[in-house]
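Structure, as structure tokens:
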Ligand SMILES: Cc1cc2nc3c(=O)[nH]c(=O)nc-3n(C[C@H](O)[C@H](O)[C@H](O)COP(=O)(O)OP(=O)(O)OC[C@H]3O[C@@H](n4cnc5c(N)ncnc54)[C@H](O)[C@@H]3O)c2cc1C
């Protein structure tokens with residue numbers, strides 16, 4: 001069984017700063033980490049490998065420094081890693097990113113299962129998993145909180161706000177996984193030693209036969225007009241009416257005063 005896991009390197013911060021001129025993330029001085037949901041996707045793949053045997057391949061599209069994250073994946077137990085990286089990919093939106101990842105996946109030995117995190121904590125669109133599934137023509141289940149594989153059949157639980165559904169899906173398939181799926185393992189010392197020696201293979205646009213009009217800014221139908229950090233919420237007003245009616249009257253008076261009603 002071959003499992004491909006898509007890992008994104010993201011800034012290690014919730015306090016994302018935006019360059020007002022270019023509308024892009026300011027990455028200088030910010031450490032990078034494996035997207036937290038992708039740690040769960042990787043762990044799901046490694047757990048299947050432990051339970052029944054599988055080859056786990058981790059891929060990432062990003063700049064050369066994403067190679068460090070892929071080495072971390074090796075240290076945790078991934079068998080192969082590939083960095084999808086080319087100047088032609090710069091400025092790719094979610095569609096162009098999905099296209100490049102789908103092309104890379106098609107270049108690799110056929111996957112029985114392709115795993116994604118629920119969403120990236122910087123872009124936050126949750127579009128790339130479904131985008132890749134569509135381009136590969138594979139079924140996808142999102143918001144997965146439990147996954148097992150038996151006889152080429154996936155058993156998954158898909159979470160909802162107020163419950164979950166249990167589904168059986170034939171392979172090959174694509175999943176996006178939630179945090180509660182598992183607890184990601186730490187890398188072993190042996191894994192770290194192995195990862196140190198790994199030369200991360202780079203797949204360029206030509207290697208995955210990506211057509212130039214489908215990647216980068218040219219291949220990106222969405223445009224970022226403006227990105228900004230919303231202002232922090234100011235302290236609210238506490239209404240100290242001694243009973244409900246009094247507090248409601250105070251609330252209405254306040255809303256009228258602020259011309260909300
Ligand atoms: C017009 C436009 C221009 C952009 N220009 C740039 C740019 O120049 N440089 C830049 O870095 N970003 C750029 N972006 C952002 C980039 O498109 C997104 O970061 C990327 O498409 C992933 O989307 P997301 O972060 O919302 O991921 P989500 O869809 O939320 O991610 C879901 C899952 O998909 C997988 N995944 C997502 N991205 C990757 C990846 N790169 N490699 C492997 N797996 C992945 C992970 O498993 C992740 O958990 C641009 C976006 C737009 C709209």
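Values in this text are rule-based calculations from the coordinates and carry no lab data. Keep in mind the model is a prediction, meaning the values are calculated, not measured. Glycine also receives a Cβ, built like all others from the backbone with ideal geometry; neighbour counts cover every protein chain displayed.
A few comments on the model shown:
- Whole-number percent relative contact order across the range 2-214, with pairs defined as alpha carbons under 8 Å at least 6 apart: 26 percent
- Against the empirical curve 2.2 N^0.38 Å, the C-alpha radius of gyration of the chain lands at a ratio of 1.21.
- Degrees separating the helix 36-52 axis from the principal Cα axis of the chain, which is the longest one: 40 degrees
- Helix 244-257 axis versus longest C-alpha principal axis of the chain: approximately 90°, rounded to the nearest ten.
- The angle separating the long axis of helix 94-107 from the principal Cα axis of greatest extent in the chain is about 20 degrees.
- When peptides 186-195, 221-230, 46-55 are sorted by average Cβ neighbour count within 10 Å, with the highest value leading, the order is 46-55, 186-195, 221-230.
- Antiparallel DSSP beta bridges within the range 2-214, as percent of all bridges there, nearest 5: 45 percent
- Highest average packing first - 153-163, 64-74, Cβ atoms within 10 Å: 64-74, 153-163
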